[in-house]
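Here is the structure we will look at.
The values are calculated or read from the model by the stated rules, or taken from the named source; none is laboratory data. All values reported here derive from a predicted model rather than from experimental measurement. With ideal geometry, Cβ positions are generated from the backbone for all residues, glycine too; neighbour counts draw on all protein chains shown.
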Amino acid sequence: MKGERTVYLMRHGHIGEEGGPKRYTGITDTPLSASGHKQARALANWFCGRSVSGVYCSGLSRCVQTAAEIAAALGTTPVAVRALHEIRMGEWEGRTFEEIRARYPEAYVRRGKNVADFKPKGGESFSECEARAWEAFTGVIEAPVGDVAVVAHAGVNRVLLRRMLGMDYQKLFCLRQDYGCINVIGCAGDAFTIRLLNFVPGR
């Protein structure tokens, strides 16, 4: 596509206890684990020799730490964009998946049936997350000239990719986003081409 730029949309490195249960981390400011730092360095190595005009990230520590490694390899400084933070999970924050199923069984089922609009108490829905993340994302890619790198979160990446692809919300979790992954996206105006999805360097 003529005039197409490249956007590298990534998920931060691993967080939490190594081998521990899956949790709804949300906006809890959890730093990278040892594995997460290793993944951040692998991402940085992957970017060596590439031309990127800017590195942007969510303001949460796990994204800032990941972006810092990448930016250092590129000789630049990451720019934190607050609105790229992960979906707010409210009273579900920090709880394991199994705990949520046991403690809020009806709400857990409702979420599965209405992925777009369900939100835990004190949290936000995926459609709300998408609205503010999309505005932030498009603002980032409109600003610089050239290719850009963005480090965000699994939930944020999924809603951004969903919008680009025109997917139904009920298929949102078909978009796998592993720790330390890269999605390579061609961008020409408001048209997007997904060139590579959920690639993890060194895996």
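Could you figure out which of (1) within 23 Å of residue 161 (Cα to Cα); (2) under 16 Å from the mean Cα position of the chain (by Cα); (3) among the β-branched types (Val, Ile, Thr) isn't true of residue 6?
The one condition residue 6 does not meet is (2).
Suppose we filter 135, 130 for residues that are surrounded by fewer than 20 Cβ atoms within 10 Å (Cβ to Cβ), in contact (Cβ under 8 Å) with a residue 24 or more places away in the chain and either closer than 20 Å to residue 12 by Cβ or not β-branched (Val, Ile, Thr) (or both); which single one remains?
The unique qualifying residue is 135.
So, in segment 146-203, exactly how many residues are of a type in the set (Gly, Ala, Ser), closer than 16 Å to residue 11 by Cα and at pLDDT 95 or above?
Of the residues in that region, 5 qualify.
Take the residues in segment 138-158 that are more than 16 Å from residue 86 (Cα to Cα) and without any contact (Cβ under 8 Å) to a residue 60 or more places away in the chain, then tell me which one is surrounded by the most Cβ atoms within 10 Å (Cβ to Cβ).
Ranking the candidates gives 138 first.
Filter segment 35-66 down to the residues that are outside any loop (DSSP other than H, G, I, E, B) and among the charged types (D, E, K, R), then identify the one that is nearest to the chain's Cα centre (by Cα).
The residue in question is 62.
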